Amino acid sequence: MITSDERSILQAARTLAAGKLVAIPTETVYGLAADATNGDAVAGIFEAKGRPHFNPLICHVSDIAMAGRYALIDPLSRKLMDAFWPGPLTLVLPLRPDTHIHPLVAAGLETVALRMPRGIAGKIIAALGHPLAAPSANTSGKISGTSAQAVADDLGAKIALILDAGPSEVGLESTIVKVDGDAVLLLRPGGLAAEDVEAVIGQKLQRMDQRAAIEAPGMLASHYAPAAGVRLNVHEVRHGEALLAFGPTRAINAQAAAAHLNLSETGNLREAAANLFDYMKRLDRLGSAVIAVEPIPFNGLGEAINDRLVRAAAPRVPPIAELEQIK
Ligand code: TXA
Ligand code: MG
């Protein structure tokens, strides 16, 4: 683990050029990065995360020009890049034929998910001269790492280098959208509020049907799973539960909680997003059987926060009967 500074840029770029994995800070969460044009290196990501191979990965670029070398950019996507890059917005775009992005990155799809992150990652990508494939730096199905220490605890032995730039500013993965004809689909709510995207495109985003979305990963029902069970929308705490609170007023019986962390005392969703993964991990480590979560509003970043919480609360192994019903 080294401090992320100007000197670390070259070291990271060299390590990546040698086909190794580097954990890099971004404004959303820490990424487990590999050179997206190097199939062996990309395979290393799946191996380190224990991630199912059908999940395509997000490719990180240093600027819009680099995005244009790998994907076909329609005018609406371009407008969103101009408005929000660098930042927590990922765009799914048609792959250009003859690019060198390894097919494993897009899991065989003819599209690629691109984003330009804020912070040092952009400089590393520019120094390397290739995009970086980088999912969140955590074991598959576990909570995403929002600090270098969290990444080291989870994956340390499997990564050549971890750059430490302090806690991630946004704390939630990027919002993923895809322009589809005249419509714009919200594939994953995330660190950029849907309302902000809608303000720029002048139309509503289309939410994905949950079931159709299973083809797009991050969309597997159980995800971001702590060891404890998770109970949502809690108005009354049960004895011994760990309480994940939100806002100035407490659930009934909050004093019976074994532990208590507040995502945002003032009810600020941005602050809550930044604290979410870290607080879930901290409560989980205390060993309560259940983490009780107070209600969180659905506006702004609340949509993505609730999305992650619902996944954290989902049954870990779907009963066969449920799978049958999905068909
Ligand atoms: O904030 C973030 O986006 C973080 C940081 C590290 O940048 N990255 C991240 O990447 O969350 P990853 O690889 O875990 O996200 C993959 C998600 C999948 O859930 C999938 O739904 C979507 O991106 N995705 C990737 N390629 C896609 C494609 N071609 N079509 C549709 N969805 C795609
Ligand atoms: Mg992830």
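The values are calculated or read from the model by the stated rules, or taken from the named source; none is laboratory data. Quick caveat, the model's predicted, so the values are computed rather than measured. Note that we place each Cβ from the backbone using ideal geometry, even for glycine, and neighbour counts take in every protein chain shown.
Determine, yes or no, whether ASP74 is more than 15 Å from ligand 2 (Cβ to nearest atom), modelled with pLDDT under 95 and over 26 Å from GLY39 (Cα atoms).
Numbers: more than 15 Å from ligand 2 (Cβ to nearest atom): yes; modelled with pLDDT under 95: no; over 26 Å from GLY39 (Cα atoms): yes.
Here the answer is no, as ASP74 does not meet what is asked.
Output the residues belonging to the stretch 171-206 that are more than 16 Å from ligand 2 (Cβ to nearest atom) and either touching a Gly at 6+ places or on another chain (Cβ under 8 Å) or β-branched (Val, Ile, Thr) (or both).
Pass one, the stretch 171-206, residues more than 16 Å from ligand 2 (Cβ to nearest atom): 177-186, 192-206.
VAL177, VAL179, VAL184, LEU192, ALA193, GLU195, VAL197, VAL200, ILE201, listed by residue number.
Would you tally the residues in the stretch 160-183 being touching a residue at least 40 places away in the same chain (Cβ under 8 Å), surrounded by fewer than 22 Cβ atoms within 10 Å (Cβ to Cβ) and not charged (D, E, K, R)?
Matching residues across the stretch 160-183 total 6.
Which members of the stretch 305-327 meet the condition of being out of contact with any strand residue (DSSP E or B) (no Cβ under 7 Å at 6 or more places or on another chain) and at pLDDT 70 or above?
In the first step, residues of the stretch 305-327 are kept if they are out of contact with any strand residue (DSSP E or B) (no Cβ under 7 Å at 6 or more places or on another chain); the result is 305-308, 310-311, 314-327.
Correct list: ILE305, ASN306, ASP307, ARG308, VAL310, ARG311, ALA314, PRO315, ARG316.
Here's the yes/no breakdown for (1) at pLDDT 95 or above; (2) surrounded by fewer than 24 Cβ atoms within 10 Å (Cβ to Cβ); (3) more than 10 Å from ligand 1 (Cβ to nearest atom); (4) not acidic (Asp, Glu):
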{"site": "ALA17", "(1), (2), (3), (4)": "yes, yes, yes, yes"}
{"site": "LYS20", "(1), (2), (3), (4)": "yes, yes, yes, yes"}
{"site": "GLU27", "(1), (2), (3), (4)": "yes, yes, no, no"}
{"site": "ALA34", "(1), (2), (3), (4)": "yes, no, yes, yes"}
{"site": "GLY50", "(1), (2), (3), (4)": "no, yes, yes, yes"}
{"site": "VAL61", "(1), (2), (3), (4)": "yes, no, yes, yes"}
{"site": "ALA65", "(1), (2), (3), (4)": "yes, yes, yes, yes"}
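Considering the stretch 65-85 alone, what residues qualify as being more than 21 Å from LEU16 (Cα to Cα), of a type outside the set (Asp, Glu) and in contact (Cβ under 8 Å) with a residue 40 or more places away in the chain?
If the condition is that a residue be more than 21 Å from LEU16 (Cα to Cα), of a type outside the set (Asp, Glu) and in contact (Cβ under 8 Å) with a residue 40 or more places away in the chain, then ALA71, LEU76, SER77, LYS79, LEU80, ALA83, PHE84 are the ones that fit.
One line per residue, one yes/no per condition, for (1) over 21 Å from the mean Cα position of the chain (by Cα); (2) more than 20 Å from PRO167 (Cα to Cα); (3) surrounded by 17 or more Cβ atoms within 10 Å (Cβ to Cβ); (4) in contact (Cβ under 8 Å) with a residue 12 or more places away in the chain:
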| position | (1), (2), (3), (4) |
| --- | --- |
| HIS235 | yes, yes, no, yes |
| GLY240 | yes, yes, no, yes |
| LEU263 | no, no, yes, yes |
| ALA274 | no, no, yes, yes |
| MET280 | no, no, yes, yes |
| ASP284 | no, no, yes, yes |
| PRO295 | yes, yes, no, yes |
| ALA313 | no, yes, yes, yes |
| ARG316 | no, yes, no, yes |
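Tally time: how many residues in the stretch 102-129 are over 20 Å from the mean Cα position of the chain (by Cα) and crowded, with 24+ Cβ neighbours inside 10 Å?
0
I'd like to check something: does the stretch 2-21 contain any residue that is within 16 Å of ligand 2 (Cβ to nearest atom) and of a type in the set (Gly, Ala, Ser)? Show your work before the answer.
So the first thing to find is which residues in the stretch 2-21 are within 16 Å of ligand 2 (Cβ to nearest atom), and the list is 21.
Retained after the next criterion (residues that are of a type in the set (Gly, Ala, Ser)): none.
Checked the stretch 2-21: no residue is within 16 Å of ligand 2 (Cβ to nearest atom) and of a type in the set (Gly, Ala, Ser).
Yes or no: the stretch 239-255 includes at least one residue that is acidic (Asp, Glu), over 30 Å from LEU205 (Cα atoms) and not in a helix (DSSP H, G or I).
From the stretch 239-255, those acidic (Asp, Glu) are 241; that's our starting set.
If we keep only those that are over 30 Å from LEU205 (Cα atoms) as well, we get 241.
Next, only the ones that are not in a helix (DSSP H, G or I) stay: 241.
Among the residues of the stretch 239-255, at least one is acidic (Asp, Glu), over 30 Å from LEU205 (Cα atoms) and not in a helix (DSSP H, G or I), which makes the answer yes.
Could you go through the stretch 135-145 and let me know if any residue there is surrounded by 19 or more Cβ atoms within 10 Å (Cβ to Cβ), away from ligand 2 (no atom under 16 Å from the Cβ) and in a loop (DSSP other than H, G, I, E, B).
Here is the first cut: in the stretch 135-145, the ones surrounded by 19 or more Cβ atoms within 10 Å (Cβ to Cβ) are 135-138, 142-145.
Narrowing the set further to residues that are away from ligand 2 (no atom under 16 Å from the Cβ) leaves none.
No, there is no match, as no residue in the stretch 135-145 is surrounded by 19 or more Cβ atoms within 10 Å (Cβ to Cβ), away from ligand 2 (no atom under 16 Å from the Cβ) and in a loop (DSSP other than H, G, I, E, B).
Taking into account only those residues within the stretch 225-279 that are β-branched (Val, Ile, Thr) and touching a strand residue (DSSP E or B) at 6+ places or on another chain (Cβ under 6 Å), which is farthest from GLU169 (Cα to Cα)?
Of the residues in the stretch 225-279, the ones β-branched (Val, Ile, Thr) are 230, 234, 237, 249, 252, 266.
In the following step, the residues that additionally are touching a strand residue (DSSP E or B) at 6+ places or on another chain (Cβ under 6 Å) were identified as 230, 234, 237, 252.
Details: VAL230: 25, VAL234: 27, VAL237: 30, ILE252: 32 Å.
Per the stated criteria, the residue is ILE252.
Does PRO131 count as of a type outside the set (A, V, I, L, M, F, W, C), in the same structural domain as VAL61 (by TED's automatic domain parsing) and touching a strand residue (DSSP E or B) at 6+ places or on another chain (Cβ under 6 Å)? If you could, list the steps in order and put the result at the bottom.
Working: of a type outside the set (A, V, I, L, M, F, W, C): yes; in the same structural domain as VAL61 (by TED's automatic domain parsing): yes; touching a strand residue (DSSP E or B) at 6+ places or on another chain (Cβ under 6 Å): yes.
Criteria met by PRO131.
Would you confirm, using the coordinates I've provided, whether GLY190 is farther than 21 Å from LEU301 by Cα and either of a type in the set (Phe, Trp, Tyr) or touching a residue at least 24 places away in the same chain (Cβ under 8 Å) (or both)? Don't jump to the end; show me each part of the working.
Numbers: farther than 21 Å from LEU301 by Cα: no; either of a type in the set (Phe, Trp, Tyr) or touching a residue at least 24 places away in the same chain (Cβ under 8 Å) (or both): yes.
No.
Quick check, is GLY50 within 16 Å of ligand 2 (Cβ to nearest atom) and on the phi > 0 side of the Ramachandran plot?
Working: within 16 Å of ligand 2 (Cβ to nearest atom): yes; on the phi > 0 side of the Ramachandran plot: yes.
Yes; evaluated as a whole, the condition is true for this residue.
If I ask for residues that are within 16 Å of ligand 2 (Cβ to nearest atom), part of a loop (DSSP other than H, G, I, E, B) and among the aliphatic types (A, V, I, L, M), which ones from the stretch 146-170 would you list?
Scanning the stretch 146-170 gives ILE159, VAL170.
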